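S.K.: Here it is, the structure, as C-alpha cells.
The values are calculated or read from the model by the stated rules, or taken from the named source; none is laboratory data. Keep in mind the model is a prediction, meaning the values are calculated, not measured. Cβ coordinates were reconstructed from backbone atoms using ideal geometry, including for glycine residues, and neighbour counts include every protein chain displayed. Ligands, DNA and RNA are excluded from the accessible area calculation, which covers all protein heavy atoms including side chains. Shrake-Rupley method; radii C 1.70, N 1.55, O 1.52, S 1.80 Å.
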Amino acid sequence: ELPENWTDTRETLLEGMLFSLKYMGMTLVEQPKGEELSAAAVKRIVATAKASGKKLQKVTLKVSPRGIVLNDSSTNELIENISIYRISYCTADKIHDKVFAYIAQNQLNENLECHAFLCTKRKM
C-alpha cells in the first residue's frame, strides 16, 4: 500500500533501495515458487551456514524495478546482477524471522536457485 505522498519516494522506487545484509548462501530448488519450497530451502541454507561455522559475507542488496544488484560490502565488488525477469519468488521466512530469500533462474545454466540473506531487524 502506497502512502498519499508516494510520489516523493518515486525516485527511490525507480532507482532502487539499498539494504545492508549478510549473505547466508544458496541452494538449488525444483520449482520456481512456493511457500513450503522456499521454507525448506531456507532451512537447508541456515543449517549449512551454521554447520560451516564461517562468518557470513556482508553484502549490499539493491532492489529496483530492474531487479536485484548484489555487492560485497567491504570491497563494493559486484557479486551478481539479477534481472527482474529471472526472479520468480521472494519471501520473508516464517520460522527464521530475520531471513529474506528469493528464487531466481541462473543465467548460465538455467538452474533455479534460492538465495537467503540475514537482516539486522525483522521489519527490514
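S.K.: For the stretch 16-119, give the magnitude of the charge dipole about the Cα centre (Cβ charges: +1 Lys/Arg, -1 Asp/Glu; no others), in debye to the nearest 20.
M.R.: Dipole about the Cα centre, nearest 20: 360 debye.
S.K.: On to the next question. Residue by residue through the stretch 56-67, what is 3J(HN,Hα) from phi via Karplus (6.51 cos²θ - 1.76 cosθ + 1.60, θ = phi - 60°)? Round to whole Hz and write x for glycine and proline.
M.R.: Values per residue, Gly and Pro as x: 6, 6, 7, 10, 10, 10, 10, 10, 9, x, 7, x Hz.
S.K.: Please turn the phi angles of the stretch 28-41 into ³J(HN,Hα) values with the Karplus equation 6.51 cos²θ - 1.76 cosθ + 1.60 (θ = phi - 60°), one per residue in order, whole Hz, x for glycine and proline.
M.R.: 7, 10, 8, 10, x, 7, x, 5, 5, 4, 5, 4, 5, 5
S.K.: Give the carbon-plus-sulfur fraction of the accessible surface of the chain in %, rounded to a whole number; probe 1.4 Å, heavy atoms of protein chains only.
M.R.: 52
S.K.: Using only protein heavy atoms and a 1.4 Å probe, report how much of residue 17 is accessible, in Å² to the nearest 10.
M.R.: 90
S.K.: To the nearest 10 Å², what's residue 44's accessible area with a 1.4 Å probe?
M.R.: Surface accessible to solvent at residue 44 totals approximately 110 Å².
S.K.: Also, I was wondering about something else. Could you provide, to the nearest whole Å², the per residue accessible area of the chain with probe 1.4 Å?
M.R.: 70
S.K.: Along the stretch 80-86, what does the Karplus equation 6.51 cos²θ - 1.76 cosθ + 1.60 (θ = phi - 60°) give for ³J(HN,Hα), rounded to whole Hz, x for Gly and Pro?
M.R.: Along the stretch 80-86, the couplings run 7, 10, 9, 5, 4, 6, 9 Hz.
S.K.: OK, next. Per-residue accessible area for residue 120 at 1.4 Å probe radius, Å² rounded to 10?
M.R.: That residue has around 90 Å² of solvent-accessible surface.
S.K.: What ranking of 119, 90 comes out by heavy-atom accessible area, probe 1.4 Å, highest first?
M.R.: 90, 119
S.K.: Sort 50, 58 by accessible area with a 1.4 Å probe, largest first.
M.R.: Numbers: 50 155, 58 120 Å².
Descending order: 50, 58.
S.K.: Along the charge dipole of the stretch 16-119, pointing to its positive end and built from +1/-1 on Cβ of Lys, Arg, Asp and Glu, which listed residue (108, 52, 42) has its Cα farthest out?
M.R.: The residue sitting most towards the positive pole is 52.
S.K.: Keeping all protein chains in place and using 1.4 angstrom, which order do 113, 36, 80 fall into by accessible surface area, from largest down? If you can, show how the numbers build up before the last one.
M.R.: Numbers: 113 15, 36 150, 80 60 Å².
Ranked from most to least accessible, the order is 36, 80, 113.
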